[in-house]
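Worksheet: one structure, shown below.
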Amino acid sequence: METMFDTLLQLPLFQGLAQEDFTRILEKVKLHFTKYKPGELLLKEGGACHELVFVLKGEIASSTSSADSSYCFTEYFPAPFLIEAHSIFGMKTHYASTYRARTEVHTVSISKAFVVKELFNYEIFRLNYMNIISNRTQMLHNRLWAVFGNSPESRIIHFILSHTERLSGEKILKIKMEDLAQIINETRTGVSKALNTMQTKGLVELHRGEIILPDVENLIN
């Protein structure tokens, strides 16, 4: 049977860490375990990020709203998952998204103070942390500069992928047709035709006020 110890070791932050070191860490750190029912709030967009939160079991929904609240993008992340490792440091140490439990979810959190005082003493942890932040930065940079076609469908795909944290799995974009048309500089009719074509291809499912992407990886292929 897989233990909490085994689950934590699956996380990129702890991979490569010697079992002896990891046991020593667990003896020092105050771990805060929390269980959530489906639909319950874990963390709210704009809330202060002063700890590392690890999802050990279940699946969470991450929802991010645009600055003017004209659209909202939701992604789903299964355990094991580390929530916003990039938000604990920097000029704005606040969560960028809101997180809710999609299924029953178990989490464990470690304070920022312990991360700085103890975990950063381990070279493998520092390297893992820098790799996570660097990989995310490089991925977002590459996606920003990616070249797409100029058709309405291509522009819609580019818009969706530019807001995606993980290029796999189900996503939901809640947006009005006229707002999407304005964003990609297209007529509402053009957007409607493009989305219907994408639905015929099985890339999206259209519902009133929202676009469901069964697997965003299909947009790349």
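Explain nothing, just compute: Karplus ³J(HN,Hα) = 6.51 cos²θ - 1.76 cosθ + 1.60, θ = phi - 60°, for every residue of segment 207-221 in order, whole Hz, x for Gly and Pro.
Going residue by residue, I get 9, 4, x, 8, 10, 9, 10, x, 7, 4, 4, 5, 6, 7, 6 Hz, with x marking Gly and Pro.
Express the carbon and sulfur contribution to the solvent-accessible surface of the chain as a percent, rounded to the nearest whole number, probe 1.4 angstrom.
So the carbon and sulfur contribution to the accessible surface is 52 percent.
Equivalent-ellipsoid semi-axes (√(5λ), Cα gyration tensor) for segment 31-123, whole Å, largest first?
The three semi-axes for segment 31-123 are 23, 18, 10 Å.
I'd like to know which of F77, G149, T23 lies farthest towards the positive end of the charge dipole of the chain, counting +1 on Cβ of Lys and Arg and -1 on Cβ of Asp and Glu.
G149
Go through segment 191-200 residue by residue and turn each phi into a ³J(HN,Hα) via Karplus (6.51, -1.76, 1.60, θ = phi - 60°); whole Hz please, and just put x for glycine and proline.
Ordered by residue, 3J(HN,Hα) equals 5, 4, 5, 5, 5, 5, 5, 5, 5, 4 Hz.
Give the peptides 120-127, 138-145 in descending order of average Cβ contacts within 10 Å, highest first.
The most tightly packed comes first, giving 120-127, 138-145.
With a 1.4 Å probe and all protein chains left in place, how much accessible area per residue does segment 76-192 have, in Å²?
54
Please work out how much length the chain gains when fully extended from K193 to E45, using 0.36 nm per residue of separation minus the C-alpha to C-alpha distance, in nm with one decimal.
Stretched fully, the K193-E45 segment lengthens by 49.9 nm.
With a ≥ b ≥ c the root eigenvalues of the C-alpha gyration tensor of the chain, is it rounded (a/c under 1.5), prolate (a/b larger than b/c) or oblate?
Cα axes put the chain in the prolate bin.
The values are calculated or read from the model by the stated rules, or taken from the named source; none is laboratory data. As the structure is a prediction and not an experimental result, all values here were calculated from the model. Cβ atoms come from the backbone with ideal geometry, glycine included; neighbour counts cover every protein chain shown. Ligands, DNA and RNA are excluded from the accessible area calculation, which covers all protein heavy atoms including side chains. Shrake-Rupley method; radii C 1.70, N 1.55, O 1.52, S 1.80 Å.
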